[in-house]
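Engineer: Dumping the structure here so I can ask a few things about it.
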Amino acid sequence: MPSQTNRSGHNRRTQKTRLLAIGAMFACLALIFSYIEAIIPFNAGIPGVKLGIANLVVIIALYNMGPKYAFTINCIRILVAGLLFNGAFGAVYSLAGGVLSFLVMWGLKKTNLFSMAGVSMAGGVAHNMGQLFVASAIVSNLKMFLYFPVLMFSGLASGIMIGVVACVIDSRVPKQLFR
């Protein structure tokens with residue numbers, strides 16, 4: 001009997017170690033995607049608009065690794081990318097958007113009513129809303145929300161695109177990788 005207990009304890013440790021290693025690789029991949037967005041802007045000349053390709057990693061982690069790992073990956077990526085590419089204010093804006101976006105995506109995923117693209121789309125809009133909240137608080141001006149329709153449309157468009165790509169990637173990633 002002790003060997004079975006030891007074996008299941010060993011399997012649990014092995015699984016946790018595997019998820020930790022995959023989480024670290026996902027955080028690095030998300031950081032690489034953030035760097036790509038920093039050097040090649042996809043904003044079509046519209047200030048504040050980003051494609052959000054790092055969210056590919058976060059949404060795939062949310063669906064395969066769970067909210068704890070996905071949230072940690074998201075926060076690590078935001079803080080490191082903020083320090084490396086955007087500065088302190090950029091990190092604050094991204095963190096506000098990233099946390100609100102993650103909470104919305106997690107909540108919608110838990111309902112099982114939305115596809116991965118729908119969850120991603122809501123996350124894209126929530127990310128822009130979180131950044132607007134911070135911007136309006138910093139400048140003490142609610143007129144910042146006049147820019148929300150532009151950011152909402154860009155969040156919808158990029159969220160759908162990222163969600164569709166994430167769904168395709170997720171269908172091709174072996175699920176035993178996360179078990």
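A quick yes/no check of all residues on (1) modelled with pLDDT under 90; (2) farther than 25 Å from R179 by Cβ; (3) buried (at least 17 other Cβ atoms within 10 Å of the Cβ):
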site: N11; (1), (2), (3): yes, no, no
site: F42; (1), (2), (3): yes, yes, no
site: A70; (1), (2), (3): no, no, yes
site: R77; (1), (2), (3): no, no, yes
site: L84; (1), (2), (3): no, yes, no
site: A88; (1), (2), (3): yes, yes, no
site: V92; (1), (2), (3): yes, yes, yes
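Engineer: Between a residue in the stretch 125-149 that is closer than 15 Å to F89 by Cβ and any residue that is of a type in the set (S, T, N, Q) and part of a helix (DSSP H, G or I), which pairs come within a Cβ distance under 6 Å, given they are 6 or more apart or on different chains?
Structural biologist: Going by the 6 Å Cβ cut-off, the qualifying pairs are M144/S136.
Engineer: Do we have A122 as hydrophobic (A, V, I, L, M, F, W, C) and touching a Phe, Trp or Tyr at 6+ places or on another chain (Cβ under 9 Å) here?
Structural biologist: yes
Engineer: While we're on this one: Out of all the residues in the stretch 94-110, which are buried (at least 20 other Cβ atoms within 10 Å of the Cβ) and either in contact (Cβ under 8 Å) with a residue 40 or more places away in the chain or closer than 20 Å to Y35 by Cα (or both)?
Structural biologist: Once the filter is applied, which keeps residues that are buried (at least 20 other Cβ atoms within 10 Å of the Cβ) and either in contact (Cβ under 8 Å) with a residue 40 or more places away in the chain or closer than 20 Å to Y35 by Cα (or both), the stretch 94-110 yields S94, A96, G97, G98, S101, F102, M105, K109.
Engineer: Return yes when F145 is under 20 Å from the mean Cα position of the chain (by Cα), part of a helix (DSSP H, G or I), of a type outside the set (D, E, K, R) and over 23 Å from A70 (Cα atoms) and no when it is not.
Structural biologist: no
Engineer: Could you say which residue among N128, N112 is at pLDDT 90 or above, at positive phi and not β-branched (V, I, T)?
Structural biologist: So the residue among N128, N112 that is at pLDDT 90 or above, at positive phi and not β-branched (V, I, T) is N112.
Yes/no per residue for (1) touching a helix residue (DSSP H, G or I) at 6+ places or on another chain (Cβ under 7 Å); (2) in a helix (DSSP H, G or I); (3) farther than 16 Å from L79 by Cα:
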{"residue": "L100", "(1), (2), (3)": "yes, yes, no"}
{"residue": "W106", "(1), (2), (3)": "yes, yes, yes"}
{"residue": "L113", "(1), (2), (3)": "no, no, yes"}
{"residue": "S136", "(1), (2), (3)": "yes, yes, yes"}
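The values are calculated or read from the model by the stated rules, or taken from the named source; none is laboratory data. Computed from a predicted model, the values in this text were never measured in an experiment. Backbone-built Cβ (ideal geometry, glycine too); neighbour counts: all protein chains shown.
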